[in-house]
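Worksheet: the structure to be examined is printed underneath.
The values are calculated or read from the model by the stated rules, or taken from the named source; none is laboratory data. Quick caveat, the model's predicted, so the values are computed rather than measured. Using ideal geometry, Cβ is built from the backbone for each residue, glycine included, and neighbour counts are taken over all protein chains shown.
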Protein chains: 4
Amino acid sequence: MIELRSDNAAGVAPDILAAIETANTGSALAYGGDELTAHLQDVVRAVFEHPTARVFPVTSGTAANALALSAATPPWGAVLCHPTAHIIGAEGGATSLLSGGAVMQGVGGEHALIAPEQLRAALEAVRWGDPHESQPSVLSLTLPSDHGTLYRLEQVSELTAIAREHEMRVHVDGARIANAVAALGCSPADLTWRAGVDVLSLGATKNGAMSAEAIVAFDERVADELVYRTKRSGHVTSKLRFQSAQVAAYLTDGLWLRLATHANDRMRELVAELETLASYGVRLQEHADVNMAWAAMPAPALDAAAEAGVLFYRMAPEVARLVTSWQTSAEEVVEAAAIFRDAVTRAG
Amino acid sequence: MIELRSDNAAGVAPDILAAIETANTGSALAYGGDELTAHLQDVVRAVFEHPTARVFPVTSGTAANALALSAATPPWGAVLCHPTAHIIGAEGGATSLLSGGAVMQGVGGEHALIAPEQLRAALEAVRWGDPHESQPSVLSLTLPSDHGTLYRLEQVSELTAIAREHEMRVHVDGARIANAVAALGCSPADLTWRAGVDVLSLGATKNGAMSAEAIVAFDERVADELVYRTKRSGHVTSKLRFQSAQVAAYLTDGLWLRLATHANDRMRELVAELETLASYGVRLQEHADVNMAWAAMPAPALDAAAEAGVLFYRMAPEVARLVTSWQTSAEEVVEAAAIFRDAVTRAG
Amino acid sequence: MIELRSDNAAGVAPDILAAIETANTGSALAYGGDELTAHLQDVVRAVFEHPTARVFPVTSGTAANALALSAATPPWGAVLCHPTAHIIGAEGGATSLLSGGAVMQGVGGEHALIAPEQLRAALEAVRWGDPHESQPSVLSLTLPSDHGTLYRLEQVSELTAIAREHEMRVHVDGARIANAVAALGCSPADLTWRAGVDVLSLGATKNGAMSAEAIVAFDERVADELVYRTKRSGHVTSKLRFQSAQVAAYLTDGLWLRLATHANDRMRELVAELETLASYGVRLQEHADVNMAWAAMPAPALDAAAEAGVLFYRMAPEVARLVTSWQTSAEEVVEAAAIFRDAVTRAG
Amino acid sequence: MIELRSDNAAGVAPDILAAIETANTGSALAYGGDELTAHLQDVVRAVFEHPTARVFPVTSGTAANALALSAATPPWGAVLCHPTAHIIGAEGGATSLLSGGAVMQGVGGEHALIAPEQLRAALEAVRWGDPHESQPSVLSLTLPSDHGTLYRLEQVSELTAIAREHEMRVHVDGARIANAVAALGCSPADLTWRAGVDVLSLGATKNGAMSAEAIVAFDERVADELVYRTKRSGHVTSKLRFQSAQVAAYLTDGLWLRLATHANDRMRELVAELETLASYGVRLQEHADVNMAWAAMPAPALDAAAEAGVLFYRMAPEVARLVTSWQTSAEEVVEAAAIFRDAVTRAG
């Protein structure tokens, strides 16, 4: 079986597991009062080149998103995001729960990316200050998007500038932020706070960690709230050193970018193979900017590929979502490509 | 330094870490769709001798408590617990948040245990069906209590029977339930569902796991709600297999009880030593039924012991909370006892 | 000035005010323990021909909607409604607040009415039982719609039948339900529970009452929850007899339908006049089924009409929303029509 | 029957009803965009001698309290109040709901009044900044108390000063604030913002209004939040002019104080009579500072008085709560006194 369903299905990267084992020495104060959590704080400030950024390790991406957003919006706010965003369709209403009733509103755009003109139009239609209407309070960018596409730096800046005109805050759902940083070749600071981002859900689990994510708050008031919001939602583990150790190792010496580059490279190889199958009806729905592709091909070909051992999610009868991870090997990509080739040529 | 602050400060037990490493093989469906989570389900039913119990691994005790309670109470309910309970004083209002506004109400009793007559009196004073008054809906027993004391089996049954007369559900905060089962020498089933318990917060982290707890629901409707409540509060990790593997290993072949017995034994040894110091003003505030003691002694003695390297929490100027763990060695107990002896004799 | 902004701007109908004055006799038990509230209960059961319907008077339409929905959905549910519905865009997220986090999702259709095929498609795309996705739990029909259009009886039944296939409940936002019943000439029972409706927001304020609305629950479990939900959201007035007296008078001897028929008739007269102005660019965006019209005409004409003393809301530069009420006189309609005629002929 | 159960059982005072009728002229913008609401704003600022106070009319005391508190506390806060306060025991958890999970904590003191030393002790025991513990954020004073007693001005100032040391806000539950102002003979300003109060629940219903209360916010940030919080909880009536007209009339030309003085006087007369019955075992549990008395007497005497037509609440087998209102006549007091005299002399 070749795992292309989700990078969530991958295991824990050896360096991360080693960090856990190293952390398992002696005793340490619970709930973040330990040295490893203090160290992580330093690591985050260094990596993001931000002197006052604060980090909150949590154990799921939904927790990171919903907590970050709940600290950035008033309960009567509206979080604007792309209709394909995880926060609006795949987190069971978590942000509405943890924020005390804030709502999500979709703002469209091609390639699963919010279009600046659509954001502007949405904000111009708002009756600001009228309590009948949920007040747009946060712009949430999924980066990379749930369709595997990427905003470029200047697009992020353009969108955050529009949000800023209306005194909105900006959140980035960075469940795969390492893949974005690696693909864009930019600095983490440039893609986040320097581009106008206030709070980041920094994913690590999909890219090799074991149930460890982090919220990185560049805005102090958001951070102040997170002290309480993380605890009262049950999102401060007692042995926090084990989450902190993972995230610190992940961000140290470029491990996160090496792992992400590996995944991105495998996807580039897979996509190159799929593109040779265009004459058989194989088509990528979006440019695969990182480690994910949505590939359209005839349904019988998808059936055949699945039977031959490729694991993937079926987003529509003729659409497969393919995701590589830090764990996907070059050999697996070669094998998967061969299976797809075989499937489409037989189906054709 | 000798760690007696909290069993939360201990590390991960070798057998649990081994289970994590073993789980780190190949890929697995995320969010609980993996084989290890399915296996945990079987383990829990076997250990608790309950054919339909359902288990939900989470990563903190606050999450376990607040989620279990939110699934057991309507939003207009009141959860009755001892005034010393963690849920009323040390979880930042988590249950009120996750339940949509339910309140906690204290019911007293000596030794940090709810007294049946006080529970009866509280329930008799309720205006049942009157929406002005939060309606008692769940009885939550902390077992063992936050002062290290234990209900006996028949006490649990007596309390649950009173709750049942008013159609209330019963929750057990079992952050240290293994220590209770080990100390009482009863079966897990006898202490829980056979005694009238509907839902259990099954602690594992304090007793050797790494940020892994579980909710065990004996009541099907509670379980049905937990499917949604765990996810939408961000409490289903994507790589859930790593939490499931820990809890399964913990409950297998009696590991949980061996670890707990170790901790209980160390506390018994420490208490025996402290009891020899009665003439110096050392006094246990409660009988240490499990791995925790609240010890009163002159403040200067506590200062001295702290300086000499014993780590403990100061609950009052003359009261130390002492907690042993699976990791506390017999040598450490001997050393701690010697330090305390030295401290009180000098202070005297 | 001729008031066509909203039926909310009208005053209290004389018969309703008389009922208030009559209720102001002697003392009465607070919080609904009075005889007038008991009488209202009987009136509602008689008018709706339902032996166990239960009524909860409240003081705003937002309260009626959000409370009814909160009692009909689990917190992880999604309420499906038309994108133009008041509950999704004009109540400040009230349902998300009072339900503990449920979300609103739009299902489209022409004429501000949900299209059955769109409802079916939306429900077929749901991953039922998957906690990542808010689970559709309630279908909310706005009747009449916020654009002044009406479902026919068989359309209501068709939609509720689709909802029922997925075990969803059905709510009607009947802020102007009297106008609907009057226009359709059906029985209140036929339009509600006989057509599959579980809970109704029965508007009265827009149609002559003074801050009095009612929730009518045909589903017993919804009613059981409302006992608590109304109180704990502050929506049980202490002198409830004054709200109950209004709603009872309103529903007695057909007063509600007489008032609504008056408003509907005035709109029919106004629309007839506007239709004669088609050659000047006057166009109704939807058929005016009740007492509301969305009328398009050149912007300068709207400017002129406003200056000449017609009060209306501007939904777009070239669109006016016109609403008649129980208080609008035939003379006012004649005058308004003349003003519009003058405005468009001058602007033309 | 002589009504002494609650001032909530009284009707609407003639002057208030007249104000409603006067308000029922022509049309007016909904949701507070009317002239009467603007006028009320002016009236409140004049009566409270505060240039920026803002008023929010609502329709129940629970709404006033829960909304005021939700705007004054963060969701992780604790509201400190006397254990007898309405907000902790008689509002169904409304504040926990509307605040997103804040908790109520009791602080004791004799005569149903918080004792400064108990408040100090409670605050000194808090682990400030520790998210495990709900952080005291608001001090709520019930004025007069639910037992009919009153803080003196200097007591209010002492308590608010203590709260201020910890950057807490101060709320007054003034369901009967008119009775307090009338009894103390102070200015409304002296009893509220000049004494350190940030937000007031200004009751009117118990003292002659018809489902009309108001929140008066002296703190601008509290007021800013209330704009949204009132709407999204369904607490802005569409025909708000009818609530505003009541509260404005109530506060104009001292009507509120005349009505309250009437009620207070009747209670003073009743109490004077009851005090002559001390030898028969009649005893007042607290000094009746306003229009309420808790009177202890033999149970058979209470039975007899109830049978003879006095309506009152039985707080215990031998305790009656007696409340006079603006509607209670001097003759009714004489009659009630005679009945009690007869009852105790026979029972004796």
Filter result (more than 16 Å from A:Ser134 (Cα to Cα) and either within 11 Å of chain D (Cβ to nearest Cβ) or part of a loop (DSSP other than H, G, I, E, B) (or both)) within segment A:103-121
A:Gly108, A:Gly109, A:Leu113, A:Ile114, A:Ala115
Can you find even one residue in segment C:239-254 that is in contact with a Phe, Trp or Tyr (Cβ under 8 Å, 6 or more places away or on another chain) and either buried (at least 24 other Cβ atoms within 10 Å of the Cβ) or within 14 Å of chain D (Cβ to nearest Cβ) (or both)?
yes
Taking B:Val181, is it under 20 Å from B:Ser60 (Cα atoms) and not in a strand (DSSP E or B)?
no
D:Ser27 being among the hydroxyl-bearing types (Ser, Thr, Tyr), in contact with a helix residue (DSSP H, G or I) (Cβ under 6 Å, 6 or more places away or on another chain), within 27 Å of A:Gly100 (Cα to Cα) and outside any strand (DSSP E or B)
no
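Okay, residues lined up against (1) within 23 Å of the chain's Cα centre (by Cα); (2) more than 13 Å from every other protein chain (Cβ to nearest Cβ); (3) in contact (Cβ under 8 Å) with a residue 40 or more places away in the chain:
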| position | (1), (2), (3) |
| --- | --- |
| D:Ala209 | yes, no, yes |
| D:Ala260 | yes, yes, yes |
| D:Arg268 | yes, yes, no |
| D:Asp289 | yes, yes, yes |
| D:Ala305 | no, yes, no |
| D:Leu322 | yes, yes, yes |
With respect to D:Ala195, is the statement that it is modelled with pLDDT of 95 or more, surrounded by 24 or more Cβ atoms within 10 Å (Cβ to Cβ), away from chain C (no Cβ under 14 Å) and farther than 27 Å from C:Ala94 by Cβ true?
no
Tell me, please, whether a residue that is farther than 30 Å from D:Glu3 by Cα, in contact with a His (Cβ under 7 Å, 6 or more places away or on another chain), surrounded by fewer than 24 Cβ atoms within 10 Å (Cβ to Cβ) and in the same structural domain as C:Val172 (by TED's automatic domain parsing) can be found in segment C:45-67.
no
Taking the condition of being among the acidic types (Asp, Glu), over 11 Å from the mean Cα position of the chain (by Cα) and either crowded, with 21+ Cβ neighbours inside 10 Å or not in a helix (DSSP H, G or I) (or both), how many residues in segment D:144-178 meet it?
1
Qualifying residues in segment C:29-44 (those that are crowded, with 20+ Cβ neighbours inside 10 Å and in contact with a strand residue (DSSP E or B) (Cβ under 9 Å, 6 or more places away or on another chain)) - the one farthest from the other protein chains (Cβ to nearest Cβ):
C:Val44
Could you list, in sequence order, the residues of segment C:6-20 that are more than 7 Å from chain D (Cβ to nearest Cβ) and of a type outside the set (A, V, I, L, M)?
C:Asp7, C:Pro14, C:Asp15
Scanning for something touching a strand residue (DSSP E or B) at 6+ places or on another chain (Cβ under 9 Å) and free of Cβ contacts under 8 Å to residues at least 24 places away in the same chain, does segment D:166-177 turn up at least one residue?
yes
Of the residues A:Ser238, A:Ser244, A:Ser211, only one is in a helix (DSSP H, G or I) and either at pLDDT below 95 or not acidic (Asp, Glu) (or both); which?
A:Ser244
For segment A:215-225, check the following and say yes or no: at least one residue is in contact with a helix residue (DSSP H, G or I) (Cβ under 9 Å, 6 or more places away or on another chain), assigned to a loop (DSSP other than H, G, I, E, B) and within 30 Å of A:Leu302 (Cα to Cα).
no
Residue ID - farthest from the other protein chains (Cβ to nearest Cβ), chosen from residues in segment C:67-77 that are in contact (Cβ under 8 Å) with a residue 40 or more places away in the chain and of a type outside the set (Ser, Thr, Tyr)
C:Ala72
The residue from B:Ala66, B:Ala38, B:Ala46 that alone is under 19 Å from A:Arg232 (Cβ atoms), at pLDDT 95 or above, of a type in the set (A, V, I, L, M, F, W, C) and not in a loop (DSSP other than H, G, I, E, B) is B:Ala66
For D:Gln155, only one of the following conditions fails: (1) closer than 26 Å to C:Ser99 by Cα; (2) touching a residue at least 12 places away in the same chain (Cβ under 8 Å). What is its number?
(1)
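Conditions tested, residue by residue: (1) crowded, with 20+ Cβ neighbours inside 10 Å; (2) in a loop (DSSP other than H, G, I, E, B); (3) at pLDDT 95 or above; (4) touching a Gly at 6+ places or on another chain (Cβ under 8 Å).
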site	(1), (2), (3), (4)
D:Ala260	yes, no, yes, no
D:Ala263	yes, no, yes, no
D:Arg268	no, no, yes, no
D:Asp303	no, no, yes, no
D:Ala320	yes, no, yes, no
D:Gln327	yes, yes, yes, yes
D:Glu331	no, no, yes, no
D:Ala338	no, no, yes, no
Of the residues in segment D:46-63, those that are away from chain C (no Cβ under 12 Å) and either touching a residue at least 60 places away in the same chain (Cβ under 8 Å) or of a type in the set (Phe, Trp, Tyr) (or both) come to D:Val47, D:Phe48, D:Glu49, D:His50, D:Thr52, D:Ala53, D:Arg54, D:Val55, D:Phe56
Could you run through segment D:1-24 and say how many residues are assigned to a loop (DSSP other than H, G, I, E, B) and either within 30 Å of D:Ala293 (Cβ to Cβ) or of a type in the set (Lys, Arg) (or both)?
8
Cβ-Cβ distance below 8 Å, separation of 6 or more or different chains: which pairs start in segment C:118-134 with a residue that is free of Cβ contacts under 8 Å to residues at least 24 places away in the same chain and end on one that is part of a loop (DSSP other than H, G, I, E, B) and aromatic (Phe, Trp, Tyr)?
C:His132/B:Tyr31
Considering each residue of segment C:49-63, count those that are in a loop (DSSP other than H, G, I, E, B) and closer than 19 Å to D:Met210 by Cα, and give that number.
2
Count of residues meeting criterion [surrounded by 24 or more Cβ atoms within 10 Å (Cβ to Cβ), within 14 Å of chain B (Cβ to nearest Cβ) and not in a helix (DSSP H, G or I)] in segment C:78-102
3
